[in-house]
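To start, the structure itself, in structure tokens.
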Amino acid sequence: MGRTHAIVIGGSFAGLAAGRVLSEFYDRVTVLDRDTFPDGVADRAGVPQARHVHGLLLRGLHEYERFFPGFEALAVERGATFHDHTYDFAVLRPQGWTPRYRSGLKFLSASRELIESCVRDLFRRLPNVALCERAPVIGLDIDKAGPPRCRGVVVPRGSLATGELNSNAADNRETLDADLVVDASGAMSRAPQWLAAAELRPAEETIVDPLAGYSSRWFQGPPPERWPQEWWWWAGAYIRRRPDDLVEANFQLKEHNRWHLTLSGFNRRYPPTDETGFTAFVERLRSPIIAEMTRLMEPISPVYANRAIRNRRRHYESWSERLDGFIAIGDAFCAYNPVYAQGMTAAAMSATMLRGCLERFGPADGALAREFHRAEAEIQHGPWMLSAGVDLRFPFTAGDRPLSLKLFNQYLDRVGAAASDPVVRTRLLEVAQLMRPFDDLFEPAIMVRVGAREIAQAAASLSRIFSMNGARDIPPMPPPPMASESPSAPVAA
Ligand SMILES: Cc1cc2nc3c(=O)[nH]c(=O)nc-3n(C[C@H](O)[C@H](O)[C@H](O)COP(=O)(O)OP(=O)(O)OC[C@H]3O[C@@H](n4cnc5c(N)ncnc54)[C@H](O)[C@@H]3O)c2cc1C
């Protein structure tokens, strides 16, 4: 036919973002997903992680709006709201309640299901793409006559209604040809097994496992008149872990006044998976804020559990094999401990990088796969350091800890402790939201402020010791708003 064709395995965030980019360079793009997509905003079996709190980082919000203009407006139409995270959200860190201030940035309050439904529906509007449901890929079609090249995917016979399938009656399988195959099938990708079946060694893997678990539940929020006036944190509350108390609770407002609560624990301190245990765990948190909020609400779901909370990286960038025409993206390339909320954003960042590589090499260049994987590894280095790198600070997380990593974590602790300095905390926010590379925390101007804050804090501790005042108490609930602070309301889209 002479027309170029790209296939994407998996129609979630990575697959849809990659498919969007590919639609600019290939005549046709086919996205195959084994799942059935719901109409509108609803749960689906293929992404069980959606039952746990998902927050879209600012960088991700901007990336998806760029890929799919109208994304934010559609999200609002479906019930999403925007908030200012540093003003409308209460966060308890080891050092105390995060100072409240207006960042001027708008963060999306929406469930993962809503966000995915918007991306999917906008993707479907592209002219040269097909999004096929109930289309499981069961292998890669690899040509090893010359330099190995992936020339398509294998699907069960009859699973796709397309005239372009090459049938193999012998084993009830069919192949669909493509110039490029993109693995976006998530952290549990079967590509390593498919490659092994073609006698190609799979790429090496690094796993950094902080032995963490999630338990989550949905709640229906109260009518506005029952929300206490002094509770300025209308968008949610987050209790972060402390070195001596490795549990977290993240309670976020989503669309239609529904709230999503995820409890997490590290070093096998798995939160309970039964309703009574879940409630008791919430009551024992080091602040009563979330227990008090849930007392105003109705639970509307069972408790869901997830124990697959780890960082996993497949090193395609240094793969000893060569396979043209095949790339991996999203969680299939690198999955992060979700506590840092990077996955959906990291997938979009890689898709943007794919666009850059396609512009440089063109869709037919044999070097595309290798060059893309190198570029992808580079762009994922920052998120990896902020997730796996930080998890390695814990003695119970297995993995190598070079001196540079130890210093990185020690410095990050100091940056966190210096976050009462507005310049430092803005920088920290931008880095955590992947708006800036993490190296920007090491700029001299920031390091000087971090150092100055540490000296000031050491002096304050000394003075407390000498004045016998003891340690500064952290109030159990966030401090009330100052008289000068105006009442909060959802931020306009
Ligand atoms: C508990 C938990 C909480 C998380 N919280 C956050 C968060 O707050 N913020 C954030 O940004 N990220 C979060 N993540 C990560 C986020 O879910 C993923 O990074 C994100 O979904 C992007 O993943 P993906 O598209 O690569 O894969 P997935 O979303 O996992 O999608 C893979 C897709 O491939 C399909 N598929 C799989 N195998 C096949 C096959 N053989 N053939 C065809 N189709 C196939 C599946 O049906 C699915 O649609 C969280 C993850 C977990 C586990």
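Brief remarks on what is shown
- A single member of ALA73, ALA14 is within 11 Å of the ligand (Cβ to nearest atom) and modelled with pLDDT of 95 or more, and it is ALA14.
- Residues in the range 235-246 that are in a strand (DSSP E or B) and within 19 Å of the chain's Cα centre (by Cα) were compared, and the one that is nearest to PRO223 (Cα to Cα) is GLY236.
- Evaluation of GLY325 against the conditions (1) surrounded by 19 or more Cβ atoms within 10 Å (Cβ to Cβ); (2) within 16 Å of the ligand (Cβ to nearest atom) shows that the sole unmet condition is (2).
For every residue, the table says whether it meets (1) at pLDDT below 90; (2) under 30 Å from MET349 (Cβ atoms); (3) surrounded by fewer than 16 Cβ atoms within 10 Å (Cβ to Cβ).
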{"position": "ARG427", "(1), (2), (3)": "no, yes, no"}
{"position": "PRO437", "(1), (2), (3)": "no, yes, yes"}
{"position": "ALA445", "(1), (2), (3)": "no, yes, yes"}
{"position": "ALA460", "(1), (2), (3)": "yes, no, yes"}
{"position": "SER467", "(1), (2), (3)": "yes, no, yes"}
{"position": "MET482", "(1), (2), (3)": "yes, no, yes"}
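- The one condition from (1) within 16 Å of the ligand (Cβ to nearest atom); (2) of a type in the set (Asp, Glu); (3) surrounded by fewer than 17 Cβ atoms within 10 Å (Cβ to Cβ) that GLU63 does not meet is (3).
- Annotation: of all residues in the range 278-294 being surrounded by fewer than 18 Cβ atoms within 10 Å (Cβ to Cβ) and farther than 19 Å from ARG241 by Cβ, the one that is nearest to the chain's Cα centre (by Cα) is THR279.
- Flag for ARG226 being over 25 Å from the mean Cα position of the chain (by Cα) and not assigned by TED's automatic domain parsing to the domain that holds CYS132: yes
- Taken together, the residues in the range 24-45 that are near the ligand (Cβ under 6 Å from one of its atoms) and crowded, with 18+ Cβ neighbours inside 10 Å amount to 3.
- VAL21, sole failed condition from (1) under 21 Å from the mean Cα position of the chain (by Cα); (2) over 23 Å from LEU428 (Cα atoms); (3) away from the ligand (no atom under 16 Å from the Cβ): (3)
The values are calculated or read from the model by the stated rules, or taken from the named source; none is laboratory data. Nothing here was measured: the structure is a model prediction, and the numbers come from that model. We place every Cβ from the backbone using ideal geometry, glycine too, and count neighbours over all the protein chains shown.
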